[in-house]
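Just passing along the structure, written as structure tokens.
The values are calculated or read from the model by the stated rules, or taken from the named source; none is laboratory data. Everything quoted here is computed from the prediction, not taken from an experiment. All Cβ positions, glycine included, derive from the backbone under ideal geometry; neighbour counts span all protein chains shown. Surface accessibility is based on the protein's heavy atoms, side chains included, excluding ligands, DNA and RNA. Shrake-Rupley method; radii C 1.70, N 1.55, O 1.52, S 1.80 Å.
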Amino acid sequence: MGKTLAEKIWAEHVVRQADGEPDLIYIDLHLIHEVTSPQAFDGLRLAGRSVRRPDLTIATEDHNVPTMNIDKPIADPVSKLQVDTLRANCAEFGLRIHSLGDKDQGVVHVVGPQLGITQPGMTIVCGDSHTSTHGAFGALAFGIGTSEVEHVLATQTLPLQRPKTMAINVEGSLKPGVTSKDIILAIIAKIGTGGGQGYVIEYRGSAIRALSMESRMTVCNMSIEAGARAGLIAPDQTTFDYIKGKPHAPEDFDPAVAYWKTLFTDSDAKFDVEVDLNADDLEPFVTWGTNPGQGLPLNAVVPNPADFADSEQRTAAERALVYMGLEAGTPLKKIAIDTVFLGSCTNGRIEDLRAAADILKGKKIASSLRMLVVPGSARVRLEAEAEGLDKVFLDAGAEWRNAGCSMCLGMNPDQLAVGERSASTSNRNFEGRQGKGGRTHLVSPLVAAATALRGTLSSPADL
Amino acid sequence: MEKFITHIGTGVPLRRSNVDTDQIIPAVYLKRVTRSGFEDGLFAAWRNDPEFVLNQPQFKSATVLVAGADFGTGSSREHAVWALQNYGFKVVISSRFADIFRGNSLKGGLLTIILDQSDVEAMWEAIEAEPATPITVNLEERTVSYGSKNLPFAIDDYTRWRLMEGLDDIGLTLKQTDFIDSFEKKRPAYKPATLPIRS
């Protein structure tokens, strides 16, 4: 029997296999950032261990960094200590780091691909659950905890139980105004936040193949919101073209491409589970609740908890409506928004900024709200400025910030106030995620831009 | 890591599903560079509510958290495990755990046990009826018992052995360095490296 793509990559990275033990898997690339690494470096120091492969490790500052006044010292002393600790650890262990102010600083999952260091067939890990983003290149990429960060630093391997495989087949073509963000939100609503637990998802089908690399990254990014540690897409010409010319693209490109072309699921391979989704029917999607599975098409109304057959889902919906301050039956498009956040590892890339700018060009955002535009990396910011997108956002009345995770998780000063409501292109609508008491609706960049203009949740078609 | 063989303690019923790691410990608490002191941030938003179950005196000294389905979803932050451990929890029981959280917990010696949802609900009722009910978790025999109940749970042999011995994964892997060395010799030249820096 043939192998799935995930099984092929797994098999190529087995360092050691023994009965009754997890497989020891080699890690091709380890991305680190300031939040989940300090305790790992401490562990190395305590045990007198070194970093096995500094040349397969790269650090950037993203979760904690301010997006304003970045030429000044970080104002929050605790955040500053964490960033300083990362810098000191990288200096001590000889690791490459892109610090605030460097053109390659930015959200770790934007930085890897833009450097061309994320390539097909690799195993990639990071102490961040959205490492699944890199799966868009046909890499097996997943988030790890700090103990595992320390393990990879010391050994460049991880002992892992082999995951099961799930295929999600998305056939058809998207209507105008519908994006890859809507695909993944619809998938999560369909299979639930636990649907992918224990699986690696492979996204397949004509609608996936038609996506750009950056749109594919958006899909893979939110695999974790469906419970799957990793999600991937078989590499094709779109992938090869994207990597070509990037700083760390293979110098000897052809042998690499020849290998990359072997990275697909064999026609006789069998997935443990298959799920189908029709792209033709998809509408812009938005979340109404406090987990990413609580989403609906934008034309729908806030659901009535009583309509959920499952008691657990009913209780969760009741809690969510109280937290979100929403009444069942309210049309989603009537929900007024206070803050629009455009950014994050989900939707903070140049294509996302272009798509939103296209809608905002020559218009003004509603006076009732603020809009933060936070490029995923300093390089994305420079690229946007070269194209004049910064002017479009500023002229529309939005704020143009520096790169970082920013309001996606509200670790830096970019936070929602209690009761404040956002339309956010990020990935999690958990209680308090964007600031204590803040209320989050997850949306695509197109919906974010249309919402900014109208003041209520809207799609470009409403303009 | 401390060895885990058996644990006897009381439970606390957390009747919520989809408890994500942002609820277990919000991001603003993740700025510490140590592994200790995270108990202050545990369920920080909910603990403001005097009615929240952890604030009730009868559950103050509980060491077994019995939670709803899909516990630990979201962020990979191991701080969630540390916060639970720093607070005093030794065991978490749920019908479903998110993959990364479960991995983190078992690396760090916080035993996460999967039971059927009906067994979780029965435990909630028993604990609510009598908060002092002792719960015995026996990793060697892979059982959770309280009152007249004796429930088996599954955990793979390797993880069970590692927890019972209190072994550090890194030390175990470093014994396999020869395998890693020979794997590296065969790695293809076209695989990228972060150094030297190209831009």
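Farther than 27 Å from B:R198 by Cα, of a type in the set (G, A, S) and within 25 Å of the chain's Cα centre (by Cα), is that true of A:A226?
yes
Right, another one. Residues A:R229, A:R162: which one is closer than 22 Å to A:V15 by Cα and surrounded by fewer than 23 Cβ atoms within 10 Å (Cβ to Cβ)?
Criteria check complete, one pass: A:R162.
Which condition does A:E431 not pass, out of (1) away from every other protein chain (no Cβ under 14 Å); (2) in contact with a Phe, Trp or Tyr (Cβ under 8 Å, 6 or more places away or on another chain); (3) not hydroxyl-bearing (S, T, Y), if it passes all the others?
For A:E431, the exception is condition (1).
Only residues that are within 7 Å of chain A (Cβ to nearest Cβ) and among the hydroxyl-bearing types (S, T, Y): list them for segment B:166-185, please.
Across segment B:166-185, the qualifying residue is only B:T173.
On to the next question. Taking the options B:V28, B:V12, name whichever one is in contact with a Leu (Cβ under 9 Å, 6 or more places away or on another chain) and either buried (at least 20 other Cβ atoms within 10 Å of the Cβ) or not in a strand (DSSP E or B) (or both).
Residue meeting the stated conditions: B:V12.
Taking the conditions exactly as written (under 25 Å from A:V125 (Cβ atoms), within 9 Å of chain A (Cβ to nearest Cβ) and in contact (Cβ under 8 Å) with a residue 24 or more places away in the chain), does B:F38 satisfy them or not?
Against the criterion (under 25 Å from A:V125 (Cβ atoms), within 9 Å of chain A (Cβ to nearest Cβ) and in contact (Cβ under 8 Å) with a residue 24 or more places away in the chain), B:F38 does not qualify.
Determine if segment A:124-143 includes at least one residue that is part of a loop (DSSP other than H, G, I, E, B), open to solvent by 10 Å² or more (accessible area, probe 1.4 Å) and either over 23 Å from A:L442 (Cβ atoms) or within 14 Å of chain B (Cβ to nearest Cβ) (or both).
yes
Looking only at helices (runs of 4 or more DSSP H) that lie completely in segment A:362-463, which have at least 2 residues being open to solvent by less than 10 Å² (accessible area, probe 1.4 Å) and not β-branched (V, I, T)?
Here the list reads A:389-396, A:445-454.
Here's a follow-up. Hey, among the residues in segment A:299-332 that are in contact with a Lys or Arg (Cβ under 9 Å, 6 or more places away or on another chain) and polar (S, T, N, Q), which one's least open to solvent (accessible area, probe 1.4 Å)?
The selected residue is A:T315.
Here's something else I'd like to know. List pairs: first in segment B:41-52 and among the acidic types (D, E), second buried (at least 16 other Cβ atoms within 10 Å of the Cβ) and not in a helix (DSSP H, G or I), Cβ under 9 Å, 6+ apart or cross-chain?
Note: no pairs meet the criteria.
Hey, any hits in segment B:45-66 for a residue that's within 12 Å of another protein chain (Cβ to nearest Cβ), buried (at least 21 other Cβ atoms within 10 Å of the Cβ) and aromatic (F, W, Y)?
No, there is no match, as no residue in segment B:45-66 is within 12 Å of another protein chain (Cβ to nearest Cβ), buried (at least 21 other Cβ atoms within 10 Å of the Cβ) and aromatic (F, W, Y).
Before we move on, is A:K270 within 14 Å of chain B (Cβ to nearest Cβ), charged (D, E, K, R) and either surrounded by fewer than 21 Cβ atoms within 10 Å (Cβ to Cβ) or without any contact (Cβ under 8 Å) to a residue 60 or more places away in the chain (or both)?
For A:K270, the condition - within 14 Å of chain B (Cβ to nearest Cβ), charged (D, E, K, R) and either surrounded by fewer than 21 Cβ atoms within 10 Å (Cβ to Cβ) or without any contact (Cβ under 8 Å) to a residue 60 or more places away in the chain (or both) - is not met.
Go through segment A:238-252 and report how many residues are in a helix (DSSP H, G or I) and either open to solvent by less than 30 Å² (accessible area, probe 1.4 Å) or in contact with a strand residue (DSSP E or B) (Cβ under 7 Å, 6 or more places away or on another chain) (or both).
3
Give me a count of the residues in segment A:102-123 that are open to solvent by 10 Å² or more (accessible area, probe 1.4 Å) and more than 9 Å from chain B (Cβ to nearest Cβ).
Of the residues in that region, 2 qualify.
Follow-up. Kindly state which strands (runs of 3 or more DSSP E) lie completely within segment B:77-151 and contain at least 1 residues that are surrounded by fewer than 22 Cβ atoms within 10 Å (Cβ to Cβ) and within 14 Å of chain A (Cβ to nearest Cβ).
B:111-114
From the list A:K3, A:K80, pick out the single residue that is more than 23 Å from B:L30 (Cα to Cα) and more than 9 Å from chain B (Cβ to nearest Cβ).
From the options A:K3, A:K80, the qualifying one is A:K3.
Let me ask something else about it. Restricting attention to segment A:54-101, which residues are buried (at least 21 other Cβ atoms within 10 Å of the Cβ), in contact with an Asp or Glu (Cβ under 8 Å, 6 or more places away or on another chain) and of a type in the set (S, T, N, Q)?
A:T60, A:N64, A:T67, A:Q82
So B:R187 fits all but one of (1) of a type outside the set (D, E); (2) under 27 Å from A:L44 (Cα atoms); (3) assigned to a helix (DSSP H, G or I); what number is the exception?
Condition (3) is where B:R187 drops out.
State whether one or more residues within segment B:75-88 are in contact with a helix residue (DSSP H, G or I) (Cβ under 6 Å, 6 or more places away or on another chain), more than 21 Å from B:T6 (Cβ to Cβ) and of a type in the set (K, R).
yes
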